[in-house]
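The values are calculated or read from the model by the stated rules, or taken from the named source; none is laboratory data. Quick caveat, the model's predicted, so the values are computed rather than measured. Note: ideal-geometry Cβ built from the backbone for every residue, glycine included; neighbour counts use all protein chains shown.
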């Protein structure tokens, strides 16, 4: 898949298969410890990363390099500690809300599909998620290939 071998993150078929399989399982049936872990680990990670001086800048520099930009040319502002703390709390709250909304929306989507009288609602949701994932990864790969081609 890549110059150095297989990369799952760039494989549209593999990504679609995994997402499709996971979509078959209703999120409300996950064990409570798994749901809590899926909400709190990203929340705490994002909060800690945003609160740690220099970490966000280092990550942004790596991302800019990954996108083909010179990381030394990208200027990042210095952030005061109070501002950093407010941003960390905001980022953590957004991550927490995103996790909670994800679990809620899974049930809401299934309810909507059932109201539409679509047979096998989880299978229909799985197919839709698989197609959407395949398309997204495929488009990302095409954009990356075009960037590499224009850079060389």
* Identify, please: which residue in the stretch 38-55 is more than 12 Å from residue 91 (Cα to Cα) and surrounded by 12 or more Cβ atoms within 10 Å (Cβ to Cβ) and is, among those, farthest from the chain's Cα centre (by Cα)? -> 52
* Candidates 35, 62, 28 - the one that is touching a residue at least 12 places away in the same chain (Cβ under 8 Å) and loosely packed, with under 12 Cβ neighbours inside 10 Å -> 28
* **Filter result (more than 16 Å from residue 122 (Cβ to Cβ) and in a helix (DSSP H, G or I)) within the stretch 17-37** => 32, 33, 34, 35, 36, 37
* **Looking only at the stretch 67-92, and only at residues there that are out of contact with any helix residue (DSSP H, G or I) (no Cβ under 6 Å at 6 or more places or on another chain) and within 30 Å of residue 152 (Cα to Cα), the one that is surrounded by the fewest Cβ atoms within 10 Å (Cβ to Cβ)** => 75
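For (1) more than 23 Å from residue 29 (Cα to Cα); (2) modelled with pLDDT of 95 or more, each residue gets a yes or a no:
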{"site": "115", "(1), (2)": "no, yes"}
{"site": "119", "(1), (2)": "no, no"}
{"site": "122", "(1), (2)": "no, yes"}
{"site": "132", "(1), (2)": "yes, yes"}
{"site": "135", "(1), (2)": "yes, yes"}
{"site": "146", "(1), (2)": "yes, no"}
{"site": "150", "(1), (2)": "yes, no"}
* Return the total of residues in the stretch 54-66 being touching a helix residue (DSSP H, G or I) at 6+ places or on another chain (Cβ under 8 Å) and over 18 Å from residue 43 (Cα atoms). => 0
* Structure fact -> Given (1) loosely packed, with under 13 Cβ neighbours inside 10 Å; (2) free of Cβ contacts under 8 Å to residues at least 60 places away in the same chain; (3) part of a helix (DSSP H, G or I), residue 107 misses just (2)
* Name the pairs whose Cβ atoms lie under 7 Å apart, with the first residue in the stretch 136-152 and more than 19 Å from residue 14 (Cβ to Cβ), the second at pLDDT below 85 and surrounded by fewer than 12 Cβ atoms within 10 Å (Cβ to Cβ), and 6 or more positions between them or separate chains? -> 147/68; 151/68
* Looking for whichever is within 24 Å of residue 47 (Cβ to Cβ) and either touching a strand residue (DSSP E or B) at 6+ places or on another chain (Cβ under 8 Å) or touching a residue at least 40 places away in the same chain (Cβ under 8 Å) (or both) here; the options are 86, 91. Which one fits? => 91
